[in-house]
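The values are calculated or read from the model by the stated rules, or taken from the named source; none is laboratory data. Note that the structure is a prediction, hence the values are computed from the model and not measured. Positions of Cβ are generated from backbone atoms using ideal geometry, with glycine treated the same way; all protein chains shown enter the neighbour counts. Just the protein is used for accessible areas: all its heavy atoms, side chains included, with ligands, DNA and RNA removed. Shrake-Rupley method; radii C 1.70, N 1.55, O 1.52, S 1.80 Å.
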Amino acid sequence: MKFLLQRLAFYVFTAWAALTINFFIPRLIPGDPVTSLINKFQGQMSTEAINSLYVLFGLDKNASLWSQYVDYWGQVFHGDLGLSFTFFPTPVADILKQSLPWTIALVGITTFASFMIGTSLGVVAGWRRGSIMDGLLPVTTFLSSIPYFWLGLLAITLLAGPDSFFPSSGGYEPGLVPGWTGSFIGSAIQHSLLPALTILISSVSGWILTMRNMMVTVASEDYITVAHAKGLSERRVMVSYAARNALLPNVSGFALSLGFIVGGTLLVEIVFSYPGIGYNLFQAVGAKDYPLMQGVFLVITLSVLVANLLADVAYLLLDPRTRKEG
Amino acid sequence: MKAPVLEIKNFHVDYGLGSEAVQAVRDVTLTLHRGEVLGLAGESGSGKSTLAYGVTRLLPPPGVISGGSVIYHPPNGDAYDVMALTDAELRKFRWAETSIVFQGAMNSLNPVHKISTQMIDVIKAHEPQLSPSARVARAQEMLKLVGISADRMDAYPHQLSGGMRQRVMIGMALVLEPQVVIMDEPTTALDVVMQRQILAQLVELRERLGFSILFITHDLSLLVEFSDRIAIMYGGRIVEQARSVDLYKDSLHPYSEGLLKSFPALRGERRELAGIPGSPPDLRGMPSGCSFHPRCPQAFDRCSTEIPVLGIPAARNYSNRSVACWLPGRVPISVER
């Protein structure tokens, strides 16, 4: 328990540092969002309107950096992340609320599936070293060396098209209204197939490889020989002696990759114009949309931290050696 | 002589296949009798552990059993060859009939499972009809026998000391009350005091439960004290086999003599400690003839050309010991005739 509290304190500190950096970085980038907004309206704005825009964005020259910083914290705690420039005047929080489910559904499910599939294949490959399964490893390694986005582009070129079953962009049929209706969900699934496949193919072999190698290492441990000598069934030895121990490093890897669900597949979302967080970030960078960028970074940072905390807890549960006495 | 429980006959183990193969165990014939402690001693690389792994068919690749048989005599029922068992039969045989205590006890327990889990899963695998509470009771009872209190049942291996872990392993080896327990250097990693305690406990347990022990070690002094019979292994072969007392008093093979001279006696007259010159043979290029002849102080012409046969020495009045040596008076009856 003490250990967990220590970790928690550490994560709170990290969150503070990350949010502070998150505040400063956009302000260090040269250029000015109001200028770009003025450009967007092609200069047809009065001076007063421009001034009030500066105030609205918290960019009025009178306020010092310190008071801006204090305000920023107040806003963060209220869940007020400011107004987006690109989708002016929609609040950033609303945009994130809209796009977050898309990303979590697409990347979350594929990351989980990829971990499950990869790990179980890795267990088999490592246990039956030298079998056909093991021989397939170079193929999957080759696939994983292809970057996400390139595989995505390839998939769009080869599989998507006007007459194809696979749509090439978007999260759902443009005419449909988002909701829990059969036609909408069906369309959403149809749209997510190609991006999901892209992520799955390029990420699964990483899991296979690490799990396989851990299995090979663990299989030569003395306690595996003992388990065999005890006359336990092959399956029991493989699952509860070998895989159980080999899984440990992979679990922390998985928890970490959960943290990157939100930000990690930016390029896939861009390639498929998928309405997720990554695509938001892409738009925000293009438009110098500080509040949106900050919002996206905030979500990414927090999810990485939460994932780390989950990894700690998972490790604590799975490996008794990490539990401290008393 | 008591009835045999495990008969190893003409046993061969190779590492690798074909002409590249290294012969680690060659033509070993050894009988373990009911209720006895048979010691198997020799230097590192002499094939002791390989023999133990081979007998239980636990050899990891590239180890291959290239010949021989291991006849097991169950207490009631017909004898059978362990080498001929199917996988399912072998699983049943393992631990229930022949259990093993391995070399490093430190790594023999799975670090992520409680010791109770690891003891109970072997009972579960072999006696599925037993109720969960009966399994726990059995495991508890066994741990008590080896001196681990019941409240340590739920400890993880890393919470136990080395000696306790080895006790747990011994308790686990006995939990199904097997006929044969193979112990591969079970006390090597422990200090001398702990070694004594565990061995004393083993002797006591053996009297109570009546199992036979094949005790493998490089520590001949330990065996002289603790075992009924001793077999000495060199270069993959048994070179001498005798009752411990006979071997200690009057070893016939120059190698056994060398081994015996390399540790001091506690009682009796003082004598010069002497090692065996040279180093163990390279299994890839064994010397011709007797594999010990390059290091043997008494070697003569015949030693480098002919492999000595293990047999009862002709010249002396021994019937229950055998030796493989060409020295006068030690040549087996069968060969001399």
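Between rounded, prolate and oblate, where does region A:256-306 land on the alpha carbon gyration tensor, with a ≥ b ≥ c its root eigenvalues, rounded for a/c under 1.5, else prolate if a/b exceeds b/c? Could you put the intermediate results ahead of the total?
Values: a/c = 3.00, a/b = 1.22, b/c = 2.46.
Oblate shape, in that a/c is at least 1.5 and b/c is the bigger or equal ratio.
Distance between the C-alpha centres of region A:277-326 and region B:122-167: 43 Å, rounded to the whole angstrom. Which shape class, rounded, prolate or oblate, goes with region B:82-204 when its Cα gyration tensor gives a ≥ b ≥ c as root eigenvalues, a/c under 1.5 marks rounded, and past that a/b bigger than b/c marks prolate? Verdict is oblate for region B:82-204. From the alpha carbon centroid of region B:232-286 to that of region A:134-206 is 72 Å.
Shape class for region A:238-326, computed from the alpha carbon gyration tensor (a ≥ b ≥ c): oblate, with a/c not under 1.5 and a/b at or below b/c. Solvent-accessible area per residue in region A:175-326 equals 41 Å², computed with a 1.4 angstrom probe and all protein chains kept.
Please identify the chymotrypsin sites (Phe, Trp or Tyr not before Pro) of region A:42-133 that satisfy two criteria: DSSP loop assignment and at most 13 other Cβ atoms within 10 Å. Which are they? The partial results should precede the final answer.
Working: sites: A:Tyr54, A:Phe57, A:Trp66, A:Tyr69, A:Tyr72, A:Trp73, A:Phe77, A:Phe85, A:Phe87, A:Trp102, A:Phe112, A:Phe115, A:Trp127; in loops: A:Phe57, A:Phe85, A:Phe87.
Here no loop site has a sparse enough neighbourhood.
Along the Cα→Cβ direction, 7 angstrom out, place labels at A:Ser52 and A:Glu234. What is the inter-label distance in nm? With each label point 7 Å from Cα toward Cβ, the separation is 7.8 nm. Amide H contacts of B:Val101: B:Ile182, B:Met183, B:Asp184, each under 5 Å away and 5 or more positions distant or on a separate chain (H built 1.01 Å from N in the peptide plane; Pro and chain starts excluded).
Taking Cα atoms only, the orientation of helix B:192-209 departs from the longest principal axis of chain B by about 80 degrees.
Taking the Cα centre of the protein assembly as shown as origin, sum charge times position over the Cβ atoms of Lys and Arg (+1) and Asp and Glu (-1), and report the length of that vector in debye to the nearest 20. Let's see the in-between values first.
On the way: 52 positive and 52 negative charges, 264 e Å.
About 1260 debye.
Quick one: helix B:115-126 against the long Cα principal axis of chain B, what's the angle to the nearest 10°, folded into 0 to 90? Long axis of B:115-126 versus the principal axis of chain B: about 80 degrees.
Can you list residues whose amide H is under 5 Å from B:Leu40's amide H, if they're 5+ apart or on another chain and H is modeled 1.01 Å from N? Close amide H contacts, sequence-distant or interchain: B:Phe215, B:Ile216, B:Thr217, B:Ala231.
Atom-type composition of the exposed protein surface of chain A places 70 percent of the accessible area on carbon and sulfur (1.4 angstrom probe).
Hydropathy first: keep DSSP H helices in chain A averaging at least 0.5 on Kyte-Doolittle, then drop any whose Cα extent along the axis falls short of 30 Å, and list what survives. Intermediate values should be presented prior to the final figure.
On the way: long enough: A:2-28 (39 Å, 1.05); A:182-219 (49 Å, 1.12); A:290-318 (41 Å, 1.83).
Counting only whole DSSP H runs, the qualifying helices are A:2-28, A:182-219, A:290-318.
Taking only Cα atoms and a 10 Å spring cutoff, compute GNM fluctuations for chain A and point out the largest among A:Gly186, A:Gly206, A:Gly175. Maximum fluctuation in the GNM of chain A, among the listed residues, is at A:Gly175. Pairs of alpha-carbon atoms within less than 8 angstrom and 6+ residues apart define the contacts here; what relative contact order does chain B have, in percent? The normalised contact order for chain B reaches 19 percent. So, with a 1.4 angstrom probe, what is the percent of accessible area on chain B that is carbon and sulfur? After summing per-atom areas, the C and S share lands at 51 percent. Residues considered: B:Glu20, B:Glu43, B:Glu240. Largest GNM mean-square fluctuation over chain B, using C-alpha springs under 10 Å, is found at B:Glu20. For chain B, the longest principal axis of the Cα atoms and the long axis of helix B:162-174 meet at an angle of about 90 degrees. Between chain A and chain B, roughly 2000 Å² of accessible surface gets buried, counting both sides and using a 1.4 Å probe.
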